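Notes follow the structure.
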Amino acid sequence: TPAQQLNDPYYLYLGNYVKQGCLDKRFAYVQLENRGETFVLPRGEKLDGIVAIGLFSTSQIESLANLNPNIVFVDSSPFESRFDSVVLGYELGISLALEHLETLKHQKIGFVGPIYKYNDRHQNALEIRRQLFIRLMETRSGYDPDLMLDCTMDIESTVAAWKEYLKAGKELPTAVVCANEENAMGTLKALQQEGYSIPKDVSVVSFNDTPRSALVSPSLTSVSINTQEMANTALRMLAERVAMSGKAPIRSLPLKVIVPPTLVIREST
């Protein structure tokens, strides 16, 4: 929804890159109307394909497929035997964050983010970044469950979780990895309100790296998920599945592309 995009502009940036990619390739772009579990095409329009950004329920997916079966999902990968998808290499992203913190000699590393989040079929499941963090920290013999904060992926929930954590008198981690940019920004806000200095007292690594990461103070070291490349990849894949100029599609087999993230080092570590 527009409100959710304002709270977490990651999907907004992805959508804008898709729109720009359509303009660059001279593809006509149509916004589908979301009516809960169904999607509606503006009257008089027809589709050659669909770029579907984010998470969708099974009924929503079937509604999209009824409009046109040529679908590329971006940031989710449901029904891989039917549809193309472009997703992020989450494990590499968490690995890059941990390797960077280890070069800075951090050993007490915590995580900020939710335990549960919707999966690729819009069902409640364990949040992937948190699970990867736990597994990778266990392989390093550095996992400490007391350094894990549970909060939804927004600033207000993150601030509240930190206040509860500090009020309980728990040991402060020397560094934290955050599930998304809102968790990182909430961490900065909460710790600075309590008089802590970033990164002197706690180093903070964010995830997503929208332009806001460079604008906060201190600027956020962040796992960049290369949103523009994800959008461009989705459009290239979609073009391969569409019959153009009377010619058969280049490809009929659905593919899943994993875009590797990169680490952008700034002032918060």
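The values are calculated or read from the model by the stated rules, or taken from the named source; none is laboratory data. Nothing here was measured: the structure is a model prediction, and the numbers come from that model. Positions of Cβ are backbone-derived with ideal geometry, glycine not excepted, and every protein chain shown enters the neighbour counts. Remember, those area values only see protein heavy atoms, side chains included, never the ligands or the DNA or RNA. Shrake-Rupley method; radii C 1.70, N 1.55, O 1.52, S 1.80 Å.
Quick notes
- Residue count, region 86-119 (criterion: assigned to a strand (DSSP E or B) and either closer than 28 Å to Ile61 by Cβ or open to solvent by 60 Å² or more (accessible area, probe 1.4 Å) (or both)): 7
- The residues of region 195-224 that are on the phi > 0 side of the Ramachandran plot and either free of Cβ contacts under 8 Å to residues at least 24 places away in the same chain or assigned to a strand (DSSP E or B) (or both), listed by number, are Gly195, Asn208.
- Exclusive hit being open to solvent by 20 Å² or more (accessible area, probe 1.4 Å) and in a loop (DSSP other than H, G, I, E, B), set Ser141, Ser157: Ser141
- Lone unmet requirement of (1) out of contact with any Pro (no Cβ under 7 Å at 6 or more places or on another chain); (2) open to solvent by 70 Å² or more (accessible area, probe 1.4 Å); (3) assigned to a loop (DSSP other than H, G, I, E, B); (4) under 26 Å from Thr227 (Cβ atoms) for Arg82: (1)
- Close pairs (7 angstrom Cβ cut-off, 6 or more residues apart or separate chains): farther than 15 Å from Val87 by Cβ in region 229-241, outside any helix (DSSP H, G or I) and charged (D, E, K, R) anywhere: Glu240/Arg251; Arg241/Asp84; Arg241/Arg251
- Filter result (among the hydrophobic types (A, V, I, L, M, F, W, C) and within 14 Å of Val72 (Cβ to Cβ)) within region 211-249: Met230, Ala231, Ala234, Leu235, Met237, Leu238, Ala239, Val242
- When we screen Ser59, Ser63 for residues that are open to solvent by 30 Å² or more (accessible area, probe 1.4 Å) and in a helix (DSSP H, G or I), the only hit is Ser59.
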